[in-house]
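What follows is a short report on a single structure.
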């Protein structure tokens, strides 16, 4: 026979991380934007300071080859560059007003 007492459900990490005042989709987009900005910042720091990445150490940490670690870095850098280009294009299109029919003459 089950006990008659009420038990509390344990909170999961997902449930604790959800914002109650925003829709879930909006919160995910905001989180993704923040992640993209931080990744862009990190890669810019590496690029601008000329830091040398020890891909051997990274490879040992992840249990992959040195070449695989280098390729993962290149893919991440390319992905961030693509995101930056898309953001800049969106900002440019927001700044350039579209001509109306009266202005096209």
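The values are calculated or read from the model by the stated rules, or taken from the named source; none is laboratory data. Owing to the predicted nature of the structure, the values given are computational and were not obtained by experimental measurement. Ideal geometry is used to build each Cβ from the backbone, glycine not excepted, and the neighbour counts take in all protein chains shown.
Does residue 35 qualify as being under 23 Å from residue 82 (Cβ atoms), in contact with a helix residue (DSSP H, G or I) (Cβ under 8 Å, 6 or more places away or on another chain) and either modelled with pLDDT under 90 or surrounded by 10 or more Cβ atoms within 10 Å (Cβ to Cβ) (or both)?
No: the conditions fail for residue 35.
Could you pull out the residue among 68, 16, 27 that is in a helix (DSSP H, G or I), more than 15 Å from residue 84 (Cβ to Cβ) and at pLDDT 90 or above?
Matching residue, one of 68, 16, 27: 68.
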